[in-house]
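Colleague: For reference, the structure I am asking about is given below.
The values are calculated or read from the model by the stated rules, or taken from the named source; none is laboratory data. A quick note: this is a predicted structure, and the numbers were derived from the prediction, not measured. Glycine gets a Cβ as well: all are built from the backbone with ideal geometry, and neighbour counts include every protein chain shown.
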Amino acid sequence: MWKVLGSWVNRYFGEEEAVLLAMLLVVALIVAATMGEILAPFIAALIFAFLLQGGVNHLTKWNVPRLVSVTLVFLFFVGVFLAILIVLLPLIGRQAANLAAEVPAMVKHWQDVLLLLPDQYPHLISEAQLKELLGQASVEVAGMAQRLVSFSFSTFPSVVAMIVYLVLVPLLVFFMLKDKDELLDLLSSLLPHERPVMWRIWHEMNMQMANYVRGKAIEILVVGLVSYVAFLILGLNYAALLALLVGLSVVVPYLGAAVVTIPVTVVAYFQWGWGGDLLWLFVVYGIIQGLDGNVLVPLLFSEAVNLHPIVIILAVLVFGGLWGFWGVFFAIPLATLVKALYNAWPRTEVVRSVSE
């Protein structure tokens with residue numbers, strides 16, 4: 001056993017760069033697990049800077065001075081950020097409150113429908129069983145409401161922290177964009193001069209991560225905006241809230257569209273019932289999802305990520321469970337990073353002696 005273990009260690013950790021890579025990965029995991037909440041503003045600023053760097057690069061290619069390019073892109077970022085904060089969030093908040101106020105009526109409607117089941121299908125469920133089921137459901141709903149109220153009260157002390165983040169994150173974004181080269185040189189100076197594997201992984205992941213993050217952000221905006229306009233034209237209630245959910249659903253491949261279909265269908269059913277309006281909504285929603293999967297995604301992600309669907313779903317579950325929304329958002333590039341690390345990891349070939 002020790003011979004096999006030693007052979008494995010010599011093969012995968014027989015080079016200095018392999019040991020350094022392993023140490024960096026361990027340190028990164030420890031920092032993410034122990035200081036994730038503390039570093040949340042820095043991580044958010046890093047993500048936004050990553051998104052905006054493409055705009056800076058395009059402006060500099062047009063012979064715009066770098067400082068001017070950074071300033072213009074940063075002002076655009078601040079304008080969009082303020083528009084979301086002042087216009088979009090209050091609208092979504094009002095629609096979410098109105099929808100929450102209608103939930104009791106929706107629950108009462110489904111209770112009335114379910115109470116008819118013992119008369120229509122007495123061989124499947126009895127009245128006593130149905131009452132027990134409804135009682136348990138009522139307890140669960142009450143518990144969820146209580147947890148929601150306690151959560152809302154527990155978030156009040158973090159208002160000051162949110163104000164700090166609103167000031168700190170834009171400042172970090174500006175300096176990350178302005179001093180990108182200096183920061184990268186500083187980080188590079190902390191690493192060994194000869195690092196071919198690290199350079200190969202860095203260039204591969206920098207390109208893939210940049211394309212993925214920017215493409216996914218554009219996809220969220222396009223799908224959300226198109227859904228909002230479509231829902232407004234159809235006259236669907238809570239159009240902004242549902243469009244936001246549809247836009248965010250593209251973050252989770254294969255599962256997001258299926259999950260977000262439920263609230264869209266429920267709201268449409270209680271507004272229109274079974275009929276032509278609901279059918280038109282299904283048609284429009286299906287067209288949006290079809291165009292997203294067959295037109296928008298190939299345009300935005302020209303370099304397809306060569307990952308099996310099972311690997312993608314597993315990555316979403318693992319990284320989402322570790323880091324919440326951002327883990328889900330970065331599940332695919334993180335899985336690609338793991339694959340790139342495995343493919344590029346330095347290996348020492350072990351010479352085996354064959355005894356006759």
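Colleague: If I filter the range 206-216 for residues that are modelled with pLDDT of 75 or more, out of contact with any His (no Cβ under 8 Å at 6 or more places or on another chain), of a type in the set (G, A, S) and over 12 Å from L337 (Cα atoms), do I get at least one hit?
Modeller: yes
Colleague: Among the residues of the range 48-68, which ones are surrounded by 14 or more Cβ atoms within 10 Å (Cβ to Cβ) and under 18 Å from L171 (Cβ atoms)?
Modeller: Within the range 48-68, F48, A49, F50, L51, L52, Q53, V56 qualify.
Colleague: Which residues, taken from the range 251-265, are at pLDDT 85 or above and in contact with a helix residue (DSSP H, G or I) (Cβ under 7 Å, 6 or more places away or on another chain)?
Modeller: Residues satisfying the conditions are V260, P263, V264.
Colleague: Using beta carbons and a limit of 7 Å, which pairs, at least six apart or on different chains, have the first residue in the range 224-251 and assigned by TED's automatic domain parsing to the domain that holds Y285 and the second one crowded, with 21+ Cβ neighbours inside 10 Å and polar (S, T, N, Q)?
Modeller: A243/S227; V246/S227; G247/S227
Colleague: Limited to the range 110-137, what total is found for residues that are in a helix (DSSP H, G or I), among the small types (G, A, S) and over 37 Å from the mean Cα position of the chain (by Cα)?
Modeller: Adding up the residues that qualify gives 1.
Colleague: Quick check: is even one residue across the range 37-46 at pLDDT below 75 and among the aromatic types (F, W, Y)?
Modeller: no
Colleague: Turning to a different aspect of this structure: Can you go through V78, V70, V107 and tell me which one is part of a helix (DSSP H, G or I) and at pLDDT below 75?
Modeller: Only one candidate qualifies: V107.
Colleague: Just name the residue that is modelled with the highest pLDDT out of those in the range 11-36 that are surrounded by 13 or more Cβ atoms within 10 Å (Cβ to Cβ) and closer than 23 Å to L166 by Cα.
Modeller: Here the residue is A32.
Colleague: Here is a follow-up. Take the residues of the range 122-134 that are surrounded by 10 or more Cβ atoms within 10 Å (Cβ to Cβ) and not aliphatic (A, V, I, L, M): which is modelled with the highest pLDDT?
Modeller: This residue is E132.
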